[in-house]
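Working notes, beginning with the structure itself.
The values are calculated or read from the model by the stated rules, or taken from the named source; none is laboratory data. Every value quoted in this text rests on a predicted model; they were computed, and no experiment measured them. Note that each Cβ is placed from the backbone with ideal geometry, even for glycine, and that neighbours are counted across all protein chains shown. Just the protein is used for accessible areas: all its heavy atoms, side chains included, with ligands, DNA and RNA removed. Shrake-Rupley method; radii C 1.70, N 1.55, O 1.52, S 1.80 Å.
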Amino acid sequence: MIARLLRRAGQAALLALAAVLASCGGGGDTPSANGVGQLAIRLTDAQGCDYRSVWVTVERVRIHRSATAGEADGGWQDLNLSPARRVDLLTLRNGVFVDLGTMPLPAGTYTQLRLVLAGNNGNQSPYANQLDLADGSPMPLSTPSGPQSGLKLDVDVEVLPGQLGELVLDFDPCKSVVRAGRSGRHNLKPVIRAHVNPVRHVEGHTLPGAVVSAQQGGVDVKSTTADANGRFVLWPIEAGIYDLVITRA
């Protein structure tokens, strides 16, 4: 089933998991004459895939005004999660997200974000970052640079004085999990889209388990799997014209 649509809507009614706000710090910036605003950082899942679970453990979120700043440079603002958040990305579908926390920031434009992940210690599951195969077998998920410098993401976030902004990190676990040759190991090479203050969604009902995707030029922009009641939500999604494609095996 393919339909053309142009949907402009208000923010979806979403299920928010428990918000965690730990300490906020960082090196160098102080509140400017322009004042201080706040930024809520949320994590969601771009689409489903054949794995049973894709677990990541987020310890810290870092944000900087400069897209070229190194991890040791001054000017970082940090949101430390205590305890760290271990999240199954494949549960973040149909409008569900994890609220990583809200941090006060000096007003201005921020262009770099890093997700710092916990490292896997030892060879015993559950691992901090773990892939569960379709049969339920767990294996460690290698995250090169994730526990050290963090997973780097270019963003364009303007924080306004006295206002609350929203940054949604749309994590595509299917494209992000890469098999390491014939070793049997899997690496996490994240594919993440950043949405600033998203307020649009597409929702409806179809057959339970159907895969629903919004496409442009035959390329998936956002997809999900309808739940047991056939309900689906595509969020976040930018305003535009899409092919709404619904398939079911």
TODO: Would you kindly compute the Cα radius of gyration of the stretch 54-145 and its largest Cα-Cα separation (Dmax), both in Å?
DONE: 15.5, 48
Task: Long-range HN-HN contacts of Asn197 with modeled amide H, under 5 Å - done: Glu166, Leu167, Val168
Task: Calculated from backbone phi, Karplus (6.51, -1.76, 1.60) coupling profile of the stretch 61-76 in Hz, x at Gly/Pro - done: 10, 10, 9, 9, 6, 9, 6, 9, 4, x, 4, 8, 6, x, x, 6
TODO: Taking every pair of Cα atoms in the stretch 130-249, average 1/r, invert it to obtain the Kirkwood radius, and report Rg/Rh to two decimals.
DONE: 1.02
Open item on the list: Give me the one-decimal nm value for the distance between modelled label points at Glu158 and Met139, 7 Å along each residue's Cα-to-Cβ direction.
Closed with: 4.6
TODO: Obtain the nm distance between the two label points defined at Val191 and Thr68 by a simple spin-label model: each point lies 7 Å from its Cα along the Cα-to-C-beta direction.
DONE: 2.9
Open item on the list: Output wanted: per-residue J couplings in Hz (rounded whole) for the stretch 208-221, from phi through Karplus 6.51 cos²θ - 1.76 cosθ + 1.60, θ = phi - 60°, x for Gly and Pro.
Closed with: x, x, 5, 8, 10, 9, 9, 10, 10, x, x, 10, 4, 9
TODO: For Arg231, enumerate residues with amide H under 5 Å from its amide H, sequence gap 5+ or separate chain, H modeled in the peptide plane.
DONE: Thr206
Task: Per residue value of the accessible surface for the stretch 155-247 (all protein chains in place, 1.4 Å probe), Å² - done: 47
Open item on the list: I'd like the carbon and sulfur percentage of the solvent accessible area for the stretch 133-249, probe radius 1.4 Å, heavy atoms only, ligands and nucleic acids excluded.
Closed with: 50
- [ ] Specify the inter-centroid distance of the stretch 165-206 and the stretch 220-248, based on alpha-carbon positions, in whole Å.
- [x] 14
Open item on the list: So for each of 62-73, 178-189, 88-99 I average, over its residues, the number of other beta carbons within 10 Å; can you give me the resulting order with the highest mean first?
Closed with: 88-99, 62-73, 178-189
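Thinking of the stretch 45-103 as a set of Cα atoms, what percent of all their pairs are more than 13 Å apart?
Working: 1161 of 1711 pairs.
Roughly 68 percent, rounded to a whole number.
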